[in-house]
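Engineer: What follows is a single structure, and I will ask about it in a moment.
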Amino acid sequence: MSKFLKRTPFITEDGSASLRLDELPEHYHSMHGAYRESMHIYIKSGLHFFPDFAVIKILEMGFGTGLNAALTLCNKGNRLINYHTIEAYPLTLEEVGLLNYKTYIGDKYYSEFLRMHSVQTGEKICIDKGYEFTKTINTMEHTELEGGYQLIYYDAFGPEIQPELWTAKVFDKLYAAMASNSILVTYCAKGSVKRNMKAAGFEVESLEGPPGKREITRCFKK
Ligand SMILES: C[S@@+](CC[C@H](N)C(=O)[O-])C[C@H]1O[C@@H](n2cnc3c(N)ncnc32)[C@H](O)[C@@H]1O
């Protein structure tokens with residue numbers, strides 16, 4: 001059984017829930033605020049980098065609690081989103097029910113959030129006008145990427161826990177799957193990871209992080 005499957009919910013400093021792994025020193029989000037982190041890194045530095053009315057194909061590595069996918073839905077404005085997420089160790093609906101995300105997502109989208117958790121692997125669903133969603137239940141290493149992504153949310157567990165997901169080889173694969181003028185955003189600002197991103201061909205920018213984190217990383221493919 002994978003060491004990523006035993007996890008326990010906890011409340012982060014901004015009041016939003018997250019999960020911690022029972023067998024490894026790792027969380028699904030920052031202890032300083034899951035909601036604040038997701039909004040700062042993936043929505044404000046990622047999704048909102050693109051203008052309103054843009055058509056954006058998004059790849060998320062690590063669907064996890066589904067918080068990034070749900071906040072993308074809530075904050076998309078008039079953008080047209082095709083959202084593809086990969087998750088090797090999906091949560092059960094019972095685990096999802098322990099998270100207090102209705103407060104952050106709102107009643108209107110909460111049932112859609114549950115639907116995102118329930119879909120079969122590879123099934124494409126239309127969540128709302130302008131938001132298509134597909135989930136691949138597999139490891140990223142074994143997933144063939146469709147390509148043409150304008151935005152990647154790279155939200156794997158940290159390089160101390162899963163170094164194999166932060167190598168130049170992985171960033172080569174992501175770079176090849178991205179469209180021209182596209183970006184990748186991640187919470188990770190480790191020097192060796194940024195060097196691997198540069199080796200894959202990315203232009204790498206450090207941005208101010210959310211509370212409790214000095215920097216985050218945004219990469220560009222020209
Ligand atoms: C930092 S958490 C993701 C947080 C998530 N974006 C959220 O908002 O809850 C990392 C996620 O990657 C998943 N994961 C771990 N190894 C993976 C792999 N090799 N391929 C795909 N997903 C993986 C974990 O199960 C976990 O859900």
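The values are calculated or read from the model by the stated rules, or taken from the named source; none is laboratory data. Everything numeric in this text was worked out from a predicted model, so none of it was measured. Glycine gets a Cβ as well: all are built from the backbone with ideal geometry, and neighbour counts include every protein chain shown.
Engineer: Go over the candidates Gly46, Gly62 one by one and state the one that is closer than 26 Å to Lys3 by Cα, buried (at least 16 other Cβ atoms within 10 Å of the Cβ) and small (Gly, Ala, Ser).
Structural biologist: Going through Gly46, Gly62 in turn, just one is closer than 26 Å to Lys3 by Cα, buried (at least 16 other Cβ atoms within 10 Å of the Cβ) and small (Gly, Ala, Ser): Gly62.
Engineer: Restricted to segment 149-174, and to residues that are closer than 27 Å to Leu80 by Cα and touching a Ser or Thr at 6+ places or on another chain (Cβ under 9 Å), which residue is nearest to the ligand (Cβ to nearest atom)?
Structural biologist: Within segment 149-174, the match that is nearest to the ligand (Cβ to nearest atom) is Asp155.
Engineer: Which is touching a residue at least 24 places away in the same chain (Cβ under 8 Å) and under 16 Å from Gly148 (Cα atoms), of Leu174, Leu165?
Structural biologist: That would be Leu174, the only listed residue that is touching a residue at least 24 places away in the same chain (Cβ under 8 Å) and under 16 Å from Gly148 (Cα atoms).
Engineer: Being within 11 Å of the ligand (Cβ to nearest atom), outside any strand (DSSP E or B) and more than 29 Å from Ser192 (Cα to Cα) narrows it down to one residue among Leu114, Leu99; which is it?
Structural biologist: The match here is Leu99.
Engineer: Now a separate question. Quick one: in segment 1-41, which of the residues that are under 12 Å from the mean Cα position of the chain (by Cα) and within 19 Å of Ala88 (Cβ to Cβ) is nearest to the ligand (Cβ to nearest atom)?
Structural biologist: So, considering only residues that are under 12 Å from the mean Cα position of the chain (by Cα) and within 19 Å of Ala88 (Cβ to Cβ), the one nearest to the ligand (Cβ to nearest atom) is Tyr28.
Quick grid of which residues meet (1) surrounded by fewer than 16 Cβ atoms within 10 Å (Cβ to Cβ); (2) out of contact with any helix residue (DSSP H, G or I) (no Cβ under 9 Å at 6 or more places or on another chain); (3) closer than 25 Å to Ile216 by Cα; (4) among the charged types (D, E, K, R):
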| site | (1), (2), (3), (4) |
| --- | --- |
| Thr85 | no, no, yes, no |
| Leu91 | no, no, no, no |
| Lys102 | yes, no, no, yes |
| Gly122 | yes, yes, no, no |
| Ile127 | no, no, no, no |
| Thr134 | no, yes, no, no |
| Ala156 | no, no, yes, no |
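Engineer: Looking at Lys102, Lys129, which is the one that is modelled with pLDDT under 95 and not β-branched (Val, Ile, Thr)?
Structural biologist: Lys129
Engineer: Continuing with this model, one more query. Could you list all residues from segment 191-211 that are part of a loop (DSSP other than H, G, I, E, B) and exposed (fewer than 14 other Cβ atoms within 10 Å of the Cβ)?
Structural biologist: Pro211
Engineer: Next question, about the same structure. Take the residues of segment 166-185 that are hydrophobic (A, V, I, L, M, F, W, C) and not in a helix (DSSP H, G or I): which is surrounded by the fewest Cβ atoms within 10 Å (Cβ to Cβ)?
Structural biologist: Applying the filter and picking the extreme gives Ala179.
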